[in-house]
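First up is the structure itself, then whatever we jot down about it.
The values are calculated or read from the model by the stated rules, or taken from the named source; none is laboratory data. Predicted model only: the values in this text are computed from it and were never measured. Please note: Cβ atoms are built from the backbone with ideal geometry, for glycine as well, and neighbour counts cover all protein chains shown. Please note that ligands, DNA and RNA were not included when accessible areas were found on the heavy atoms of the full protein model with its side chains. Shrake-Rupley method; radii C 1.70, N 1.55, O 1.52, S 1.80 Å.
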Amino acid sequence: MSCYSNCDKTLLSRITEKASTFHDLGKLNKENQDVLAGEKPSKSLPRNHVDAGVAHFLNSKHFSAVSAAVIQAHHIGFPDFSAEMNKGDAVFRDVSIAFDVDRELPELEAIHDNLIDTNFEYGEEEIKGDRSVFLRMVLSCLADADHTDTSTHYRQYPANASTVKLRAAERLAQLDLHIAALKQKGAYDERNVLRNEMYLACRNAEIDTNITSCDSPVGSGKTTAVMAHLLAQAEKCGLRRIFVVLPFTNIIKQSVETYRDMLVLPGENADEVVAELHHRADFESEETRYLTALWRAPIIVTTAVAFFETLASNSTATLRRLHELPGSAIFVDESHAALPAKLLPIAWQWINIYAAEWNCYWVLASGSLNRFWVIPEIAGTKNLNCVPEIIDDELRSRLSVYENKRISYHSDLFPKDTAKLAEWIIDFPGPRLVIMNTVQSAAILADYFSNHFGRDCVEHLSTALTSNDRDNTLGRVKKRLDNKKDIDWTLIATSCVEAGVNLSFRNGFRELGSLVSLLQASGRVNREGVLRNSEMWTFCILEDGMLKLNPGLKESAAVLKGYFEGKRTIAPELSTQSLADEIALYGLFGKHKKLITNEELQNFRQVERDFKVIDSDTRLVVVDSTVARRLQYGKVDWRELQKVSVQIAKYKLDELRTPMIMDNIYRWNLEYDYFLGYMAGIVKLKKYRGEAIII
């Protein structure tokens with residue numbers, strides 16, 4: 001692994017210092033000063049305060065185009081450069097006030113020079129690496145400093161807050177002790193011996209590249225083994241933090257609990273060492289900036305949505321945390337489910353840029369790893385790299401022995417409505433796991449089970465529940481699974497449980513979707529391989545006004561259906577092939593090329609608009625009325641907020657006339673319960689209206 005960054009740190013520092021020094025030059029305008037001094041009451045400044053700083057750096061005397069661009073963007077984000085460059089000499093300027101700003105600029109500069117002593121070097125500013133990522137990084141530095149300063153001024157963020165260090169060697173030593181203790185407690189069988197080999201192989205792996213992979217089957221101890229590897233790499237190369245990127249919000253809690261138990265050193269606050277970030281909820285206004293979750297902890301566990309959309313962002317509220325990423329190790333766990341295929345080309349490009357230019361170390365891991373980087377349509381010609389495995393083929397082969405014996409795959413592809421699906425599932429021995437492709441279908445089926453078989457016969461888990469209620473449901477599910485006499489029940493969930501959750505059911509059922517989703521779901525069935533004749537079924541639903549198909553899975557579902565119809569053996573080895581087959585049959589729909597082109601042209605707004613992991617415009621909705629009331633008075637922090645809120649599509653909130661509290665945060669005003677979550681209100685409304693509501 002290369003321990004050095006190829007980015008120009010000197011240029012980054014120089015531009016950030018210049019931009020931060022002059023970004024508020026326009027606030028020295030007389031009208032603006034009257035408002036800031038409180039002499040004239042106003043909710044906003046009468047004159048755009050940004051344009052003066054832009055004009056300063058477009059002057060040939062202290063020309064810095066990058067500084068000008070960053071100052072223009074420090075509130076509203078960058079423009080699309082293709083359009084901006086058409087403005088000619090007015091590039092980055094506010095043309096409505098440019099004449100007046102140019103006229104008073106010498107006066108503003110003179111006042112500024114009397115207040116602040118500046119002695120900057122001016123000259124050529126050649127960005128040697130990727131220009132788009134560099135510009136986002138400069139804007140991140142400026143925006144975070146600006147937002148933090150504002151939050152500190154309003155006492156929403158503590159002044160001089162200390163940052164907890166990674167202390168990689170100490171945490172690795174503590175992790176070693178925990179693993180040794182578990183080894184002493186565990187049964188001395190072949191599988192536990194292999195888990196220990198897996199841990200040591202990852203911990204002591206000698207890697208000389210910045211991008212690696214880990215293909216390890218269910219139950220091999222990947223969570224702790226890869227963490228040991230990352231801590232070892234961090235100590236070797238002086239990395240400052242570790243990111244664990246997971247595909248689903250509900251599996252964050254399990255990983256966070258594991259890491260906090262094993263990695264927090266004596267005297268430390270666990271919340272400050274391992275940060276748990278659920279939602280991608282970022283706030284622009286001065287009143288709500290303090291609610292934005294930042295990347296300041298040494299170990300950050302977050303979702304693929306929050307992580308990758310930050311890389312693509314042009315919003316200053318989101319981008320402000322990006323500068324914490326350089327010099328980090330990133331563990332993309334269950335990487336098969338992190339991103340849709342159409343976003344993989346641009347994401348793979350970013351992964352390579354951050355590895356080569358910003359000293360980032362990547363591990364792409366999954367029990368059903370699709371090696372998308374070997375597919376030319378995704379990797380392109382520039383980034384068709386060899387990505388080495390952390391563990392060797394021989395150990396991986398021995399770990400896979402249990403996978404071949406653990407489960408058998410079956411399909412019943414005749415579409416079933418709600419009643420027929422429920423009656424079919426209930427005939428199989430339990431406990432049973434059912435995974436549906438939409439939040440609505442999961443809630444409808446769970447509601448049917450509860451009404452027809454009894455509430456004790458069903459549990460429900462999806463993102464319709466708050467993180468608090470998901471945690472409680474998972475706890476209840478684990479307790480029921482531990483009770484070997486409690487077997488006649490069913491967990492009905494969405495894909496949020498198909499990866500990374502330590503659950504083990506007797507039989508499993510998954511609505512037709514992608515091959516890798518099926519493989520991952522099967523990892524929640526007979527997980528330890530101790531049962532005989534455990535089965536994993538694939539089924540199709542009939543849209544009956546209640547159950548709803550997920551149109552986003554149409555192509556991958558067609559590939560898997562073809563495998564069943566062609567009698568292909570379902571196995572992890574098909575993972576990469578299934579993605580290649582999907583691309584060969586249906587392509588990437590052109591959006592990937594548009595993203596790559598717009599990224600090269602610095603069309604930042606278009607990239608942010610098109611790079612959506614979940615292709616819907618969602619909003620944060622608070623379901624706890626007490627917290628909703630307190631939020632209006634600034635008495636809630638982001639950790640509490642994410643525990644009592646859900647994400648719901650904006651169009652649905654408009655349709656339901658859900659009230660907004662502040663800055664795109666809403667208050668749920670329909671029924672909510674711990675069983676169906678916000679879908680309790682939707683299902684009740686649906687029954688009342690007798691119509692389909694798509695969630």
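Annotations for the structure displayed:
- Straight-distance crosslink candidates among lysines, where the alpha carbon sits under 17 Å from Lys561 and sequence neighbours closer than 8 are dropped: Lys416
- Tensor-based shape of region 642-682 (alpha-carbon gyration tensor, a/c under 1.5 rounded, otherwise prolate or oblate): oblate
- The chain, relative contact order in percent, only Cα pairs under 8 angstrom and at least six apart counted: 14
- For peptides 461-470, 258-267, sequence by mean Cβ density within 10 Å, most packed first: 461-470, 258-267
- Loop-located trypsin sites (Lys or Arg not before Pro) in region 536-608 (DSSP state not H, G, I, E or B) with no more than 10 neighbouring Cβ atoms inside 10 Å: Lys567.
- In this label model, Ala173 and Thr21 are separated by 4.4 nm, measuring between points 7 Å along each Cα→Cβ vector.
- Solvent exposure, largest accessible area first (probe 1.4 Å, DNA, RNA and ligands not counted), of Met660, Met679: Met660, Met679
- Basic side chains Lys and Arg get +1 at the Cβ, acidic Asp and Glu get -1 at the Cβ, and with that the dipole of region 352-478 about its Cα centre reaches some 140 debye.
- Selection from Ser397, Pro106, Phe604, by position along the positive dipole direction of the chain (Cβ): Ser397
- In region 540-602, the ratio of gyration radius to Kirkwood radius, Rg to Rh, stands at 1.12 when only Cα atoms are counted.
- Each DSSP beta bridge with both residues in the chain is either parallel or antiparallel, and the antiparallel ones are about 15%.
- Remark on region 29-108: ratio of C-alpha radius of gyration to 2.2 N^0.38 Å is 1.16.
- Pairwise Cα distances in the chain exceed 32 Å for 55 percent of all pairs.
- Judged by the gyration tensor of its Cα atoms, with axes a ≥ b ≥ c, region 392-433 is prolate; a/c meets the 1.5 cut and a/b is the larger of a/b and b/c.
- Take each peptide in 163-169, 512-518, count the other Cβ atoms within 10 Å of every residue, and average; sorted highest first, the result is 512-518, 163-169.
- Degrees separating the helix 467-482 axis from the principal Cα axis of the chain, which is the longest one: 20
- Using alpha-carbon coordinates, inclination of helix 575-586 to the longest axis of the chain, degrees: 70
- Cα centroid of region 576-640 to Cα centroid of region 173-219, whole Å: 34
- Packing-based ranking, highest mean first, of 419-430, 342-353 given that Cβ atoms within 10 Å are counted: 342-353, 419-430
- Taking only Cα atoms of region 313-391, radius of gyration then Dmax in Å: 13.2, 40
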